[in-house]
Every structure is written in C-alpha cells, then in structure tokens.
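Chemist: Shown below is the structure under consideration.
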Amino acid sequence: MVTFCHVHAPDPAGRNAGHSARTRQFRGAVAALATRLALAARRQIGVTRSYDAAYVRPAYPMGDVDRSRGVCTDVIIRAYRDAFDVDLQKRVHEDMLGAFSDYPRIWGLSRPDSNIDHRRVPNLERFLERNGCALLPQERSGWQPGDLSRCVWAGACLISASYRTG
C-alpha cells in the first residue's frame, strides 16, 4: 500500500550529498508520489464545500459520499483514491475485520462498519499506525507535500497540499 505521512525529497541544500544515488533516486520517487497525493487533495478545493458528518451507506468497495460534502477524512480518502486508486474504505474495513480489538472503542460497536469506520479520524489514524505510518504532530515545521497530520484541538486530520513546481 502507498502510505505517505512524512516523506521528504532529496535536500536541495546538499544535506543528502553523502547518500547513494539509489537512495537519492528512491527519495525523489517518494517525493513525486507525495506530490501526486498533495495535488489530488488540492483538486478538491471548491468541490467539497459542506462539512457533513452524517452516517451514510456508501457503496462498498470504493464507496463515497457526494463529493460536494464530507469531513476531513473524506478529503484524504479521495486523494488516495484519485492519486493511486487506493480504496481506504476497503483497506480500513479489512484491517478492522482482522484486528478489531486494536482499534478505538469510542463508538461502542461490537464489529466493524464499512459505512463509517474509514471516515473516523481515530480509526484512520490507527490504520495508518498499523501500516507503519504515524500522523505528524500539529507543529508544521518540516512538513512536505503529502504529509498527514492530526489537529488535536479540532480532532481532525489534514493533508499538507503545498507543493513546489519547477
């Protein structure tokens, strides 16, 4: 699975000069993928215009609420889907089926629910952790395109969609 939470391109100031060509090439490829994710998130600006955390029953797999509405996780889910054809709805659900006890028990559920689990920040955060990726702290120092973070004060998550051209 493609997962970006904190990836960096080779440093233009030369701090990575001691790394092998293969390492620099790998980092460049990762940075290109992260930028692709950031661009997919940016394409939602002006499309997803209404916050709506309503419980809905989207199709499964590859389900989504109407793109004009949603929550912070919907932006991330759509960005992964648009950039890489990765279905976080299915991946989170399948992971929860196999490891339900590893996920937060905030909602009092006795089993996974493919309609909503992927749209809940604590579940998405736990899924990413279980797949070797932790959300970044709210402090923005060093963020790169494609980085994911959790805003503790809002209980939301976000994707860094800044990118460089040229």
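Every read-out reported here was derived from the displayed coordinates using simple, explicitly stated rules and does not represent laboratory data. Worth saying up front: this structure is predicted, and the values here are computed from it rather than measured. Glycine also receives a Cβ, built like all others from the backbone with ideal geometry; neighbour counts cover every protein chain displayed.
Chemist: Rank these for me by crowding, Cys133, Cys72, going from fewest to most other beta carbons within 10 Å. Don't jump to the answer; show the numbers that get you there.
Modeler: Values: Cys133 17, Cys72 21.
Placing the least packed residue first, the sequence is Cys133, Cys72.
Chemist: Going by how many other beta carbons lie within 10 Å of each one, how would you line up Glu125, Glu94, fewest first? Before the final figure, lay out each step's value.
Modeler: Details: Glu125 20, Glu94 15.
Ascending Cβ contact count within 10 Å gives the list Glu94, Glu125.
Chemist: Taking the Cα centre of the range 52-121 as origin, work out the dipole magnitude from +1 charges on Lys and Arg Cβ and -1 charges on Asp and Glu Cβ, in debye rounded to 20. List each step's numbers first, then the result.
Modeler: On the way: 11 positive and 12 negative charges, 33 e Å.
Charge dipole of the range 52-121: 160 debye, to the nearest 20.
Chemist: Continuing with the same structure: If you add up the charges near Val47, with Lys and Arg at +1 and Asp and Glu at -1, over every other residue whose beta carbon is less than 13 angstrom from its beta carbon, what do you get? Kindly include the intermediate steps, with their values, before the conclusion.
Modeler: Numbers: positive: Arg42, Arg43, Arg49, Arg67, Arg69, Arg78; negative: Asp64, Asp66, Asp74, Asp82.
Here the count lands on +2.
Chemist: Now a separate question. Testing the spin-label approximation: label points 7 Å from Cα along Cα→Cβ at Ala21 and Asp113. State their distance in nm.
Modeler: 5.5 nm
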